[in-house]
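Have a look at this one.
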Amino acid sequence: MSPLNEQQLNQIRDERREQIKKAALKVFALRGLVGTKMNMIAKEAGISQGLSYRYYSSKDELFIELVQEAMEETADAFASLGHMKGSPTEIIKTLTTKMLDGSNRHSFMLIQQVQTSDEVPDKAKEIVQRYSTTSFIEQLIPIFKNGQEKGEFCKGDPAALMILYFSVLSGLMLLQTGEMEQDHVPDIHILMKMLR
C-alpha cells in the first residue's frame with residue numbers, strides 16, 4: 001500500500017472537519033454551548049475526543065466557525081432570492097422549504113443561542129451583529145409586493161406580514177429541534193396559505 005499524497009491527506013482532513021462540524025451543529029443545537037462538551041461532539045461524529053482536538057482546539061472555536069458559516073449561508077440564500085425564477089409564491093415556498101430543512105434548523109438554533117444567551121463567545125455575537133435580520137426581510141419585500149400585485153398574497157403591510165410569517169417559521173424550527181416532533185417537517189402548503 002503506497003503512502004497518501006498531499007492531496008489525499010488534505011481531502012481526508014477536509015472530510016473529517018466536515019464530519020466534526022456536522023456533529024457539533026447538531027449537538028450545539030440540541031444542548032446549547034454550555035451543555036455541550038467536546039466528548040459529546042466526538043461521540044456524535046463517531047471519532048475519539050483526542051482526534052477532535054487535532055482539528056479544533058476548543059468547543060468555542062468550533063462554535064464560532066459554525067456561527068460564521070450559518071450567517072454567511074443565510075445571507076447568500078436571501079441575496080439569491082432576487083435572481084430566482086418562478087412566481088413570488090414559488091420563491092417564498094422554496095425559501096421556506098430550505099429554512100425548515102434539518103441542517104438549516106440546527107443553524108437557526110445556533111443563531112438563536114447567540115442572540116439570546118450571555119454564555120456564548122463575544123466573537124460569535126459580533127458575527128451575528130454584522131448581519132441584520134431586518135435586511136433579510138427587506139430583501140423579500142419586493143417579491144412579496146409583486147405577489148400581492150398578482151393576487152398571490154394577501155393585502156396588508158408587506159414588512160409586517162413577512163415578520164409575522166417568519167415568526168411562525170421560527171417557532172416551528174424551535175419546536176422541531178426540541179424533543180417534540182424532531183424529524184417532522186410541517187406541510188409547506190399549509191404554511192403558504194398564511195400568506196394568501
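Table: residues versus (1) at pLDDT below 90; (2) open to solvent by less than 40 Å² (accessible area, probe 1.4 Å).
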site	(1), (2)
12	yes, no
18	no, no
24	no, yes
29	yes, yes
47	no, yes
51	no, yes
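To continue, here is another question. Conditions: (1) out of contact with any helix residue (DSSP H, G or I) (no Cβ under 6 Å at 6 or more places or on another chain); (2) surrounded by 16 or more Cβ atoms within 10 Å (Cβ to Cβ); (3) more than 30 Å from residue 152 (Cα to Cα). Residue 95 meets all but one. Number of the miss?
So the condition that residue 95 fails would be (3).
Being of a type outside the set (Lys, Arg), over 13 Å from residue 192 (Cα atoms) and without any contact (Cβ under 8 Å) to a residue 24 or more places away in the chain is the filter here, so list the residues in segment 82-100 that pass it.
83, 84, 86
Moving on to the next point. Please verify whether segment 113-134 includes one or more residues that are among the small types (Gly, Ala, Ser), without any contact (Cβ under 8 Å) to a residue 24 or more places away in the chain, within 20 Å of residue 194 (Cβ to Cβ) and loosely packed, with under 13 Cβ neighbours inside 10 Å.
no
Kindly check whether there is at least one residue in segment 42-61 that is in contact (Cβ under 8 Å) with a residue 40 or more places away in the chain, over 30 Å from residue 158 (Cβ atoms) and hydroxyl-bearing (Ser, Thr, Tyr).
So far as segment 42-61 goes, yes, one or more of its residues are in contact (Cβ under 8 Å) with a residue 40 or more places away in the chain, over 30 Å from residue 158 (Cβ atoms) and hydroxyl-bearing (Ser, Thr, Tyr).
Are there any pairs, at least 6 apart or on different chains, whose C-beta atoms fall under 6 Å, with the first in segment 20-34 and without any contact (Cβ under 8 Å) to a residue 40 or more places away in the chain and the second polar (S, T, N, Q) and surrounded by 18 or more Cβ atoms within 10 Å (Cβ to Cβ), and if so, which?
The qualifying pairs are 27/36.
Table: residues versus (1) surrounded by 12 or more Cβ atoms within 10 Å (Cβ to Cβ); (2) under 22 Å from the mean Cα position of the chain (by Cα); (3) closer than 18 Å to residue 95 by Cα; (4) at pLDDT below 80.
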| site | (1), (2), (3), (4) |
| --- | --- |
| 146 | yes, no, yes, no |
| 166 | yes, yes, yes, no |
| 174 | yes, yes, yes, yes |
| 177 | yes, yes, no, yes |
| 185 | yes, yes, yes, yes |
| 192 | yes, yes, yes, no |
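The values are calculated or read from the model by the stated rules, or taken from the named source; none is laboratory data. Keep in mind it's a predicted model, so treat the numbers as computed, not measured. A quick note on method: Cβ atoms are made from the backbone with ideal geometry, for glycine too, and the neighbour counts reach across all protein chains shown. Heavy atoms of the whole protein, side chains included, go into the accessibility calculation; ligands, DNA and RNA do not. Shrake-Rupley method; radii C 1.70, N 1.55, O 1.52, S 1.80 Å.
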